[in-house]
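Input: a single structure, listed below in structure tokens.
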Amino acid sequence: MRRTSFGPRCLALTGAALLLAAGGTAAPAASAAAEPGPAPLGHVVPAPASVRPGGDPYEITARTVVRVPPGNREAARAGGYLAGLLRPSTGYRLPVVDSGAAGPGIRLVLDDEGAGAALGAEGYRLSVTARSVTISAREGAGLFHGVQTLRQLLPARAESTVRQPGPWTVAGGVVTDAPRYGYRGAMLDVARHFFTVDQVKRYVDQLALYKYNALHLHLSDDQGWRIAVGSWPRLAAYGGSTQVGGGPGGFYSKDDYREIVRHAASRYLTVVPEIDMPGHTNAALASYARLNCDGVARPLYTGTEVGFSSLCVAKQDTYEFAEDVIGELAVLTPGPYLHIGGDEAHSTSPADYAAFMDRVQPVVARHGKTVIGWHQLAGARPAPGALLQYWGYGRTGAAERARVAAAARAGAGLILSPADRAYLDMKYTKDTPLGLQWAGLVEVRQSYDWDPGGYLTDAPASAVAGVEAPLWTETISTSAQLEYMAFPRLAGIAELGWSPPATHDWASYRGRLAAQGPRWDALGIAYYRSPQVPWPHPSPGLRLGGKGRSRP
Ligand code: ACM
């Protein structure tokens, strides 16, 4: 285990702004009940890059309108999303009007020439005065992220589906914000246990609150194949018919998958589909006898061992399979990435592994996509431009780390998912009723307190494309269980991916994180109430009307 040391604390760098943002030590415990005033500007997760508080607050009232530029679909969409969030709890009409940016109210402005241009593809500026809240951005994604910041600056009861008392006040000042990394992902393993389209959409909405921009779906493994492939129909129909524990499993039709992609895109997340190869393939080997070297189909598997299956590297059928599966998935996937797995291929010789990857990576490129692979791909020959997803931890050998670092120096990109930090399926404590612990126990601080930029020694910081929080589901089969493992750690990985290193500070973070608790209560998210976080006491008598969920 390694504690990263960070440079001068944020206060020295950004002064009073972050002093206010860093409410970790004082206010949050009392704020929910007593409500002394609006949340300090910047008291959100992930921490914004720059916060300049000042001036009078803005209050959303029954007369508030949301103003968007005429004829701009992206702004109208962001405005409609914001109004849709706030109408049930405030009880206000909040009409979205395309009257441009003039006039009082909440104003969404796209600006690709002036100050907006400097905000990049996902940045935004949030300016709050007594007269208006103005969110400006170069692109729709930036407006959407700005809306998430505004949402977190409102009281937690704004998340309620039942009308709540006001006031709905936002602190005055200016937030200027843009992400540290362009890739901020969360992975859901829908292979070990299947999750429905609606369950995935619910998770996407939760990811959006923390400015994630990639949803990685682990679509195939030993226990299940979860995506329809027209040219190989038994993969889903038979390979998808079970899951860990022997339940009925399931799979996404192409329309189901398109619906996930569409919903994710509406929240500015890109779907990254993964077909894990050449190991983790028992569901495929069970579905088609000809994929096996001995021509004999394997039985379906519902246990939790790893490393026992392999595609037959010597057979041409294997490459017809890879070509067809990758081709169909590429057509369905608008995003730039296709993840080909490559982890734990313990039943494939190193030479076969490299030969397989040499043949399959060009297939991905031919279908117009960029390869992502688990970091074992560094042991073969990563294609130019490939991204390696590092999932090592304290006990990962020096030689393995060095191979990944060398690949990064040679041009591979890195996605950081260290298992003892970012794996959402690791138990928090020895008493956590769900999850695994092969990488150790991962409490909230352990998950937050590291630096993706300097994590892999000898890898250039510039190779780091971003971070990802994977959630493996050997022990997880419901949304309530998923949420208990994801929250609060999901928020911390989001902050590592978004916020500048200068803002990194556990004391600040735990205070801002604590303020998320009532929000999750209102959203019906059954999170782990870590003793490391000063959660506020629920305010008596407040009926949040959350979509109630029982504890796992
Ligand atoms: C992995 O956890 N096998 C990527």
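The values are calculated or read from the model by the stated rules, or taken from the named source; none is laboratory data. None of these values were measured; they are calculated from a predicted model. We place every Cβ from the backbone using ideal geometry, glycine too, and count neighbours over all the protein chains shown.
Can you find a residue that is within 16 Å of the ligand (Cβ to nearest atom) and either at negative phi or not hydrophobic (A, V, I, L, M, F, W, C) (or both) anywhere in the range 249-256?
No: the range 249-256 contains no residue that is within 16 Å of the ligand (Cβ to nearest atom) and either at negative phi or not hydrophobic (A, V, I, L, M, F, W, C) (or both).
Only one residue in 382, 433 is away from the ligand (no atom under 15 Å from the Cβ), in contact with a Leu (Cβ under 7 Å, 6 or more places away or on another chain) and not small (Gly, Ala, Ser). Which one?
It is 382.
Mind checking which residues of the range 364-373 are hydrophobic (A, V, I, L, M, F, W, C) and either within 16 Å of the ligand (Cβ to nearest atom) or modelled with pLDDT under 95 (or both)?
Within the range 364-373, the subset hydrophobic (A, V, I, L, M, F, W, C) is 364-365, 371-372.
371, 372 - these are the residues of the range 364-373 that are hydrophobic (A, V, I, L, M, F, W, C) and either within 16 Å of the ligand (Cβ to nearest atom) or modelled with pLDDT under 95 (or both).
Just to verify a result, which residue in the range 413-425, among those that are hydrophobic (A, V, I, L, M, F, W, C) and in contact with a helix residue (DSSP H, G or I) (Cβ under 7 Å, 6 or more places away or on another chain), is surrounded by the fewest Cβ atoms within 10 Å (Cβ to Cβ)?
424
Are any of the residues in the range 192-211 over 20 Å from residue 258 (Cβ atoms), of a type in the set (A, V, I, L, M, F, W, C) and more than 14 Å from the chain's Cα centre (by Cα)?
No, there is no match, as no residue in the range 192-211 is over 20 Å from residue 258 (Cβ atoms), of a type in the set (A, V, I, L, M, F, W, C) and more than 14 Å from the chain's Cα centre (by Cα).
Checking residue 404 against (1) surrounded by 23 or more Cβ atoms within 10 Å (Cβ to Cβ); (2) within 16 Å of the ligand (Cβ to nearest atom); (3) within 19 Å of the chain's Cα centre (by Cα); (4) in contact (Cβ under 8 Å) with a residue 24 or more places away in the chain, only one condition comes out false. Which one?
Condition not satisfied by residue 404: (3).
Going through 376, 361 one at a time, which residue ends up being within 16 Å of the ligand (Cβ to nearest atom), among the polar types (S, T, N, Q) and out of contact with any Ser or Thr (no Cβ under 7 Å at 6 or more places or on another chain)?
Only one candidate passes the filter, namely 376.
For residue 393, indicate whether it is out of contact with any Asp or Glu (no Cβ under 7 Å at 6 or more places or on another chain) and either modelled with pLDDT of 95 or more or within 16 Å of the ligand (Cβ to nearest atom) (or both).
no
Looking for whichever is small (Gly, Ala, Ser) and more than 16 Å from residue 458 (Cβ to Cβ) here; the options are 405, 383, 399. Which one fits? So that I can check it myself, show each step before the final result.
Working: 405 fails: more than 16 Å from residue 458 (Cβ to Cβ); 399 fails: more than 16 Å from residue 458 (Cβ to Cβ).
Every option except 383 fails the conditions.
So, residue 268, is that one of a type in the set (Ser, Thr, Tyr), in a loop (DSSP other than H, G, I, E, B) and away from the ligand (no atom under 16 Å from the Cβ) or not?
yes
Collect the residues in the range 386-403 that are touching a Gly at 6+ places or on another chain (Cβ under 8 Å) and over 21 Å from residue 364 (Cα atoms), keeping them in residue-number order.
393, 394, 400, 401, 403 - these are the residues of the range 386-403 that are touching a Gly at 6+ places or on another chain (Cβ under 8 Å) and over 21 Å from residue 364 (Cα atoms).
Out of all the residues in the range 223-245, is one or more buried (at least 24 other Cβ atoms within 10 Å of the Cβ), free of Cβ contacts under 8 Å to residues at least 24 places away in the same chain and outside any loop (DSSP other than H, G, I, E, B)?
yes
Quick check: anything in the range 371-387 surrounded by 16 or more Cβ atoms within 10 Å (Cβ to Cβ) and touching a Pro at 6+ places or on another chain (Cβ under 6 Å)?
no
Filter the range 195-222 down to residues that are polar (S, T, N, Q) and touching a residue at least 60 places away in the same chain (Cβ under 8 Å) and give me whichever is farthest from residue 516 (Cα to Cα).
So the residue we want is 220.
Pull up the range 324-355, narrow it to residues that are acidic (Asp, Glu) and within 16 Å of the ligand (Cβ to nearest atom), then point me to the one that is nearest to residue 468 (Cα to Cα). Talk me through it step by step, then tell me what you get.
Narrowing the range 324-355 to residues acidic (Asp, Glu): 324, 328, 343-344, 352.
Add one more test, that the residue is within 16 Å of the ligand (Cβ to nearest atom), and what stays is 343-344.
Values: 343: 16, 344: 19 Å.
Among them, the one singled out is 343.
Is there a residue being within 24 Å of residue 374 (Cα to Cα), in a loop (DSSP other than H, G, I, E, B) and in contact with a Leu (Cβ under 8 Å, 6 or more places away or on another chain) anywhere in the range 476-493?
yes
Would you mind telling me which numbered condition in (1) more than 16 Å from the ligand (Cβ to nearest atom); (2) outside any loop (DSSP other than H, G, I, E, B); (3) of a type outside the set (Phe, Trp, Tyr); (4) buried (at least 20 other Cβ atoms within 10 Å of the Cβ) residue 311 fails?
(2)
Those residues that are over 15 Å from residue 527 (Cα atoms) and either among the hydroxyl-bearing types (Ser, Thr, Tyr) or more than 16 Å from the ligand (Cβ to nearest atom) (or both), I need them from the range 411-430; list them, please.
Within the range 411-430, 411, 412, 413, 417, 423, 430 meet the criteria.
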